[in-house]
Amino acid sequence: MTLNTGKFLRVNLSSGETAEECVPEQIAVDFIGGRGYGIRYLYQELAPGVEPLGEQNKLIMLNGPLAGNTAQAVSRWMSITKSPLTGAFARSVCGADFGAWLKFAGYEFIIIEGKAEKPVYVHLTRDGCQILDAGKIWGKDTREAQQWLVQQHGRDTRMACIGPAGERLVKYAAIVSDRRTAGRCGTGAVMGSKNLKAIAITAKRNVQLYDPETYNELAKQQVNLIRNSIGFQHHKEWGTTSTQDLTNNIGIYPVRNFRYGQHIDHEKLTGEEYRKLRTGDMGCYSCAARCGKVHTVTSGVYAGAHSEGPEYESIWAFTGPIESNDITASIAADQLCDDLGMDTISTGSCIGFAYELYEKGLLTKADTDGLELTYGNPAPMVALVKKIGLREGIGDVLAEGSMRAAASIGKGAEAYAIHVKGLELPAYEPRGAKSQGYNYVTANIGASHCYGYAGQDIFGGIEPRPTDRFAEAENADVVIYNQDGTAWKETGIICGFAGNWDWVPDLYGRMLAAARGIARFTDNDYLWQVGDRLFNLERAFNVREGFNRRQDTLPQRLLTEPLHTREAPGEGQIVRHQDDFLDRYYQLRGWTKEGIPTPRKLKELGLGFVLDDIAVISD
Amino acid sequence: MSVEINIPTFLQHLTSDVKVVDVKGRTVGECFADLIKKYPQLKARLYTKRGRLLKSLNVFVNGESVYPETLTKPVNDGDIIQIVYVVIGG
């Protein structure tokens, strides 16, 4: 019986040509699927030095090998490309239905190449692919655009699209599907640079599996395990809308551009407060947790604001950086980001950066179009979200991301830009959860909380071992464990939450084997090896682009200024031993002191084809 | 009978930074009751107002999750209890 390695579609927007290809068996064995396929093809197909918003960059949109059937929480999708925000490898993950629909159309991924002469969208069906005129939806927000596409192609249509921010090449523009976003790294700007408004798929359920009978039996076990797990029960009730109760309590909720670790009014921001405005639940394809909590504002300045969210990161993004306690404003800002198509984390962080520059006198009312950026006042924040998405006034500067905005503002503004490799930090304070901070430092996409989430530091996780959250080099092994574990789970684009709900790795490996026909996937040690392989190939991609130890650093503030936590523990913490950490981390990874994978390591992982591309100093 | 409870970082400020507490009890619930005698502020961080363990907490005995028994799970002399917050990410 033929192995089920998956097919993909290549769409060239410059020539209008499309072509269908199969994934070779060796790539399927070595990379499994999802994020593995993404980095394998991006590395192979992208020449080093390509301009991220140029015609030569490619955008890959992928589902996982288990997507589109009854298995729970494995139908997410991701976009992979070279980031316009960082110039490094980019991977951005999203929920909703698009991943399943891509599978129904017969594909595990699409590679978008070239640039259309005028705005277009791609329409896929089981019968073929068309590149169609998007003139009627260019300029529309993501809700309007998606409604129009459903009107054109019917209710069996799902899509991923960009909003006005992506069209205007906002460096952290997102790709939006329904009300979920592939938010980080600016993949929406890459889509916009190609004049591609949307990819719409009209299809009905139709999934190919190597051994459907075995797979379906395993999927039943998976559903049962997940539904009986405590994590599922918690997420069904709360989603992530109560995480701030914990992070404020332990002093790692970043406030005022990462100066404080606890919000002064944190009792007004609790999960219970958000629940008072909750009006519904939403979920991804084939996931009963329905962790997306819908909120509606019924009174006050923001009456009528309605959003699937904000979830934890967005709650933080629109309260922490400017120390606002107005949860209605956070809902309004979240909705605006979804409509315009922008990453809430980078948006909120860039706004917090602007507020601090205003406080310090580096920006004045003359620079901010008359807005008074004073802490605790959310109205200018909501105005700035719109200005950024439309690149109006000061919004045009902030749309470049904090790293580039600081460079253009000058006057020492760089000291207040809180990013790693250009990607703004998310909602966990590194000085109070140092394994999380060091994940930011070494993650291949920049400061991502999801790339190797340090649950040991943050909520007391005990695998592979408990940690002292203030320790540094001592936890390098745990940082690697978290990053490699995330990498192999993302071969199936398993939801970051559900990946901890009692069914991985054993059942995941067996399901992969039944879906693909590759027995090796049932070996847990092999899954870890694949995680290591993915991470190293992504690192090699970055090294080929000129990255090395120099870019592996937290912002200076976190290395030099003590954290203030108000009533929470961790007062005075600072990141003191970054160099020691990097030495230890690189050694454990099998990299040189400059952070470059050694030939021995690359050969051990079957990545010998990388050797000619990167400058290895020593083995 | 002595059982050890490892206090997670997010609760240590309520135990004066004590990381490990020795308690007595035949079940997880009895051990928690003894813990709360020593540190009364923990009660509101472990239980709802109706006396049920918060859904956001998971409990491990000797590294194994004891959900869904949890509070009725028997413990033995020398066992180690860990309290884990189940929320991940956001």
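The values are calculated or read from the model by the stated rules, or taken from the named source; none is laboratory data. Here the structure is a predicted model, which is why all the values come from computation and not from measurement. Reconstructed Cβ throughout: ideal geometry from the backbone, glycine too, with neighbour counts over all protein chains shown. The area values use the complete protein model at the heavy-atom level, side chains included, leaving out ligands, DNA and RNA. Shrake-Rupley method; radii C 1.70, N 1.55, O 1.52, S 1.80 Å.
Numbers below:
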quantity: Filter pass, A:Val504 being open to solvent by 10 Å² or more (accessible area, probe 1.4 Å), among the β-branched types (Val, Ile, Thr) and at pLDDT below 95; calculated: yes
quantity: Residues located in the range A:280-291, provided they are open to solvent by less than 30 Å² (accessible area, probe 1.4 Å) and farther than 19 Å from A:Ala67 by Cα; calculated: A:Gly280
quantity: Residue in the range A:518-536 that is open to solvent by less than 20 Å² (accessible area, probe 1.4 Å), of a type in the set (Ser, Thr, Tyr) and within 21 Å of A:Pro48 (Cβ to Cβ) present; calculated: no
quantity: Residue match in the range A:183-202 (condition: closer than 23 Å to A:Gly499 by Cα and either within 14 Å of chain B (Cβ to nearest Cβ) or surrounded by fewer than 23 Cβ atoms within 10 Å (Cβ to Cβ) (or both)); calculated: yes
quantity: Any strands (runs of 3 or more DSSP E) falling wholly within the range A:1-95 and containing at least 1 residues that are in contact with an Asp or Glu (Cβ under 9 Å, 6 or more places away or on another chain) and over 20 Å from A:Ala514 (Cα atoms); calculated: A:7-12, A:59-62, A:77-82, A:89-94
quantity: In the range B:69-86, residue nearest to A:Ile458 (Cα to Cα) [restricted to those that are free of Cβ contacts under 8 Å to residues at least 60 places away in the same chain and open to solvent by less than 30 Å² (accessible area, probe 1.4 Å)]; calculated: B:Val86
quantity: Total residues in the range A:1-29, condition in contact with a Gly (Cβ under 9 Å, 6 or more places away or on another chain), surrounded by 19 or more Cβ atoms within 10 Å (Cβ to Cβ) and not small (Gly, Ala, Ser); calculated: 6
quantity: Single unsatisfied condition, A:Lys136 versus (1) within 28 Å of A:Val385 (Cβ to Cβ); (2) part of a loop (DSSP other than H, G, I, E, B); (3) of a type in the set (Lys, Arg); (4) in contact with a strand residue (DSSP E or B) (Cβ under 9 Å, 6 or more places away or on another chain); calculated: (4)
quantity: Of the criteria (1) buried (at least 24 other Cβ atoms within 10 Å of the Cβ); (2) within 22 Å of A:Ile162 (Cα to Cα), which one A:Asp339 fails; calculated: (1)
quantity: From A:Leu534, A:Leu512, A:Leu527, residue being part of a helix (DSSP H, G or I), away from chain B (no Cβ under 14 Å), of a type outside the set (D, E, K, R) and more than 22 Å from the chain's Cα centre (by Cα); calculated: A:Leu512
quantity: Those helices (runs of 4 or more DSSP H) lying entirely in the range A:273-379 with at least 3 residues among the acidic types (Asp, Glu); calculated: A:327-340
quantity: Test: residue in the range B:60-68 that is more than 10 Å from every other protein chain (Cβ to nearest Cβ), touching a Leu at 6+ places or on another chain (Cβ under 7 Å) and in contact (Cβ under 8 Å) with a residue 12 or more places away in the chain; calculated: no
quantity: Qualifying position, being within 23 Å of the chain's Cα centre (by Cα), open to solvent by less than 10 Å² (accessible area, probe 1.4 Å) and of a type outside the set (A, V, I, L, M, F, W, C), among A:Arg35, A:Arg76, A:Arg40; calculated: A:Arg35
quantity: Residues satisfying the stated conditions in the range A:117-133, i.e. modelled with pLDDT of 95 or more and either of a type outside the set (Val, Ile, Thr) or in a loop (DSSP other than H, G, I, E, B) (or both); calculated: A:Glu117, A:Lys118, A:Pro119, A:Tyr121, A:His123, A:Leu124, A:Cys129, A:Gln130, A:Leu132, A:Asp133
quantity: Boolean, A:Pro426 is away from chain B (no Cβ under 14 Å) and either on the phi < 0 side of the Ramachandran plot or among the basic types (Lys, Arg) (or both); calculated: no
quantity: The one condition in (1) within 18 Å of A:Gly231 (Cβ to Cβ); (2) open to solvent by 30 Å² or more (accessible area, probe 1.4 Å); (3) among the aliphatic types (A, V, I, L, M) that B:Leu57 fails to fulfil; calculated: (2)
quantity: Number of positions in the range B:13-27 that are within 14 Å of chain A (Cβ to nearest Cβ) and buried (at least 17 other Cβ atoms within 10 Å of the Cβ); calculated: 3
quantity: Condition broken by A:Val479, with the remaining ones in (1) in contact (Cβ under 8 Å) with a residue 60 or more places away in the chain; (2) over 19 Å from A:Thr86 (Cβ atoms); (3) buried (at least 24 other Cβ atoms within 10 Å of the Cβ); (4) within 14 Å of another protein chain (Cβ to nearest Cβ) satisfied; calculated: (4)
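Yes/no matrix, rows are residues, columns are (1) more than 22 Å from the chain's Cα centre (by Cα); (2) modelled with pLDDT under 95; (3) of a type in the set (A, V, I, L, M):
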residue	(1), (2), (3)
A:Gly389	no, no, no
A:Val397	yes, no, yes
A:Glu400	no, no, no
A:Arg404	no, no, no
A:Gly412	yes, no, no
A:His419	no, no, no
A:Gly437	no, no, no
A:Gly446	no, no, no
A:Ile458	no, yes, yes
